Amino acid sequence: MITPLIEGDDIPYSAVVGDFVDIHEGDRWECIMCGNCCGNIFSKTWLDVSLRKHIGDPIDGYCNHHDQGNHECHIHSSRPNICRGYPFIIRKSGDHYKVQVHKRCNGIGVGPVVDLGSKALELVKYCEEEYDIEFIVKSDDDGVIRMYRIK
């Protein structure tokens, strides 16, 4: 499966890597069930070859498990971790990793404040499940959440 982990700018991943931006304490996000993450803005890259082996070929630019009429996922309980983590990713930044968010997600700025510590732990869990890697998640004195790969 695929996880929400970006090691470098050359890895094909959702839209374009530059569409991912830092998320900060106090930022809000909630899934508004718009369905954009299942297609349209991602149709050329999000549903790329590496993800297709798990979800099949897109239909009209959408994941073939996405019900466009109801904005529902037919494999929601067994969807790939990349879908579970969206719109958040773990991205390498110097000697550590940080949580970033896809700036084109319509749920950004809506809903409750994101708990970055919990979100980082959730994303790390997805990565550790699928790869033989481990992270340490730390909150620095300035409140910034950073992850360090230890294995």
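The values are calculated or read from the model by the stated rules, or taken from the named source; none is laboratory data. Computed from a predicted model, the values in this text were never measured in an experiment. When we count neighbours, we look across all protein chains shown, and the Cβ atoms used for this are built from the backbone with ideal geometry, even at glycine.
What helices (runs of 4 or more DSSP H) completely inside segment 29-143 contain at least 2 residues that are surrounded by fewer than 18 Cβ atoms within 10 Å (Cβ to Cβ) and not acidic (Asp, Glu)? Reasoning before the result, please.
Working: elements: 49-55, 81-85, 116-130.
Here the list reads 49-55, 116-130.
With respect to residue 99, is the statement that it is more than 27 Å from residue 149 (Cα to Cα) and at pLDDT 85 or above true? Walk me through it before giving the result.
Working: more than 27 Å from residue 149 (Cα to Cα): no; at pLDDT 85 or above: yes.
Judged against the criteria, residue 99 is not a match.
One line per residue, one yes/no per condition, for (1) among the aromatic types (Phe, Trp, Tyr); (2) touching a helix residue (DSSP H, G or I) at 6+ places or on another chain (Cβ under 6 Å); (3) closer than 24 Å to residue 18 by Cα:
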{"site": "56", "(1), (2), (3)": "no, no, no"}
{"site": "68", "(1), (2), (3)": "no, no, no"}
{"site": "74", "(1), (2), (3)": "no, no, no"}
{"site": "82", "(1), (2), (3)": "no, no, yes"}
{"site": "92", "(1), (2), (3)": "no, no, yes"}
{"site": "103", "(1), (2), (3)": "no, yes, yes"}
{"site": "119", "(1), (2), (3)": "no, no, yes"}
{"site": "127", "(1), (2), (3)": "no, no, yes"}
{"site": "144", "(1), (2), (3)": "no, no, yes"}
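Can you tell me which of (1) closer than 21 Å to residue 82 by Cβ; (2) touching a residue at least 40 places away in the same chain (Cβ under 8 Å) is the one residue 124 doesn't meet?
(2)
Of the numbered conditions (1) within 24 Å of residue 125 (Cα to Cα); (2) touching a Pro at 6+ places or on another chain (Cβ under 8 Å); (3) modelled with pLDDT under 80, residue 46 fails exactly one; give the number of that condition.
(2)
Kindly list the number of the only condition in (1) out of contact with any His (no Cβ under 7 Å at 6 or more places or on another chain); (2) farther than 20 Å from residue 108 by Cα; (3) at pLDDT 70 or above that fails for residue 11.
(3)
With the requirement that a residue be modelled with pLDDT under 70 and surrounded by 14 or more Cβ atoms within 10 Å (Cβ to Cβ), what does segment 14-28 give you?
Taking segment 14-28 as the starting set, the residues that turn out to be modelled with pLDDT under 70 are 14-17.
Residues satisfying the conditions are 14, 15, 17.
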